[in-house]
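Shown next, in structure tokens, is the structure this report addresses.
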Amino acid sequence: MKNIIEVKNIKTIFDDRVVHNGLNLNIKEGDIYGLLGPSGCGKTTLLREMVMLEKIQSGSIKIFGNELSNIKHEKAQELRRKWGVLFQAGALFSSLSIKENIALPLVEYTNLSQDMINEIVEFKVSIVGLKANDINLYPSQISGGMKKKAALARSLAMDPKLLFLDEPTSGLDPISAREFDRLILKLRDMLGLSIVMVSHDLQSIYDTLDRVAIIDNKKIVYEGNLENIHSVDSKFIQTFFAKI
């Protein structure tokens, strides 16, 4: 499988605090790839740099062969339409119904008719496991698990081939979290997705991830599958994975 994302020598500094000091990793097409590490190590910051919400200070990130550090505005907009993002808290607009939230990217970025948009929304709602009559509710009227599914449906609205998930099972009870894991695996296979996921959920990590990059002490201390994780000389790894 070819690389869909290539990160080379990324350095990130906020004021005088070094967050990343030369990160290197490669994410292959079709992988569910995890960004792991202790709190404050810069997992979400790296994710934000990948989706162009944070400017790259030094180094290189290529996605679909496009270098992000010097990308032109028009190309950046085109690239953003090729991926979906599920933020940790869902980031649904509270003043919009579930249907309006999911339809928003289609309204903003396409010239599709309202009937076509409605059909797409209904399909996305069905594949994430929401009921058809849920779409007229507002975020304040639904559970945490339903919010995650609605936000996931919105992230899939433009038929992306790449999905970024920031702590997708955070705030969910164990049953809902495992249901969400199964949904991610199903959607990867159904839609041919590549997925990049930040997670602290150990069960989710083992159930869903093909490969991981572990950030510790500003570097990647391990990249690969989970089979050899215990052989790595890292205090975080030995502590975090001690239960397995």
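Looking across the stretch 6-53, the residues that are among the β-branched types (Val, Ile, Thr) and closer than 19 Å to PHE164 by Cα come down to VAL7, ILE10, ILE27, ILE32, THR44, THR45, VAL51. Is there a residue being under 30 Å from ILE127 (Cα atoms) and either in contact with a Phe, Trp or Tyr (Cβ under 7 Å, 6 or more places away or on another chain) or of a type outside the set (Val, Ile, Thr) (or both) anywhere in the stretch 227-234? So far as the stretch 227-234 goes, no, none of its residues is under 30 Å from ILE127 (Cα atoms) and either in contact with a Phe, Trp or Tyr (Cβ under 7 Å, 6 or more places away or on another chain) or of a type outside the set (Val, Ile, Thr) (or both). Tell me which residues, restricted to the stretch 25-60, are among the polar types (S, T, N, Q) and within 15 Å of ALA213 (Cβ to Cβ). Those that are among the polar types (S, T, N, Q) and within 15 Å of ALA213 (Cβ to Cβ): ASN26, THR44, THR45.
If you go through the stretch 1-33 and keep only what is at positive phi and assigned to a strand (DSSP E or B), you end up with ASN9, GLY22.
Out of ASP173, ASP207, ASP166, report the one residue that is more than 29 Å from GLN77 (Cα to Cα) and touching a helix residue (DSSP H, G or I) at 6+ places or on another chain (Cβ under 7 Å). Spell out how you get there, then give the answer.
Working: ASP173 fails: touching a helix residue (DSSP H, G or I) at 6+ places or on another chain (Cβ under 7 Å); ASP166 fails: more than 29 Å from GLN77 (Cα to Cα).
Residue meeting the stated conditions: ASP207.
Scan the stretch 131-181 residue by residue and report those that are polar (S, T, N, Q), surrounded by 16 or more Cβ atoms within 10 Å (Cβ to Cβ) and in contact (Cβ under 8 Å) with a residue 40 or more places away in the chain. Give the derivation first.
Just the residues of the stretch 131-181 that are polar (S, T, N, Q), to begin with: 133, 136, 140-141, 143, 155, 169-170, 176.
The next check asks that each one be surrounded by 16 or more Cβ atoms within 10 Å (Cβ to Cβ); those that pass are 155, 169-170, 176.
Result: SER155, SER170.
Taking the criterion of being in a helix (DSSP H, G or I), out of contact with any Lys or Arg (no Cβ under 6 Å at 6 or more places or on another chain) and of a type outside the set (D, E, K, R), would at least one residue in the stretch 86-102 satisfy it? For the stretch 86-102, residues in a helix (DSSP H, G or I), out of contact with any Lys or Arg (no Cβ under 6 Å at 6 or more places or on another chain) and of a type outside the set (D, E, K, R): present. Just so you know, in the stretch 131-179 the residues that are of a type in the set (Ser, Thr, Tyr) and more than 17 Å from the chain's Cα centre (by Cα) include one that is nearest to LEU106 (Cα to Cα), and it is TYR138.
Evaluate the following for GLY129: is it modelled with pLDDT under 90, part of a loop (DSSP other than H, G, I, E, B) and not hydrophobic (A, V, I, L, M, F, W, C)? Criteria met by GLY129. For the stretch 218-231, the criterion of being at pLDDT below 90 and hydroxyl-bearing (Ser, Thr, Tyr) is met by at least one residue.
Residue pairs whose Cβ atoms lie under 9 Å apart, sitting 6 or more positions apart in sequence or on different chains, and linking a residue in the stretch 222-242 that is over 17 Å from ARG211 (Cα atoms) and touching a residue at least 24 places away in the same chain (Cβ under 8 Å) to a partner that is charged (D, E, K, R) and not in a helix (DSSP H, G or I), are PHE236/ASP216.
Here the stretch 57-67 is the region considered, the condition is being at pLDDT 90 or above and part of a loop (DSSP other than H, G, I, E, B), and the residue that is surrounded by the most Cβ atoms within 10 Å (Cβ to Cβ) is PHE64.
Taking the criterion of being of a type in the set (Val, Ile, Thr) and in a helix (DSSP H, G or I), the only residue of the stretch 132-154 that qualifies is ILE135.
Take the residues of the stretch 205-220 that are charged (D, E, K, R) and touching a strand residue (DSSP E or B) at 6+ places or on another chain (Cβ under 8 Å): which is nearest to LYS186 (Cα to Cα)?
Initially, the stretch 205-220 is screened for residues charged (D, E, K, R), giving 207, 210-211, 216, 218-219.
From what is left, the residues that are touching a strand residue (DSSP E or B) at 6+ places or on another chain (Cβ under 8 Å) are 210-211, 218-219.
Details: ASP210: 14, ARG211: 17, LYS218: 33, LYS219: 32 Å.
That would be ASP210.
A count restricted to the stretch 1-52 and to residues that are buried (at least 22 other Cβ atoms within 10 Å of the Cβ) and acidic (Asp, Glu) stands at 1.
The values are calculated or read from the model by the stated rules, or taken from the named source; none is laboratory data. Keep in mind that this is a model prediction, so the values were computed, not measured. For neighbour counting, all protein chains shown are included, and Cβ atoms are generated from backbone atoms with ideal geometry for every residue, glycine included.
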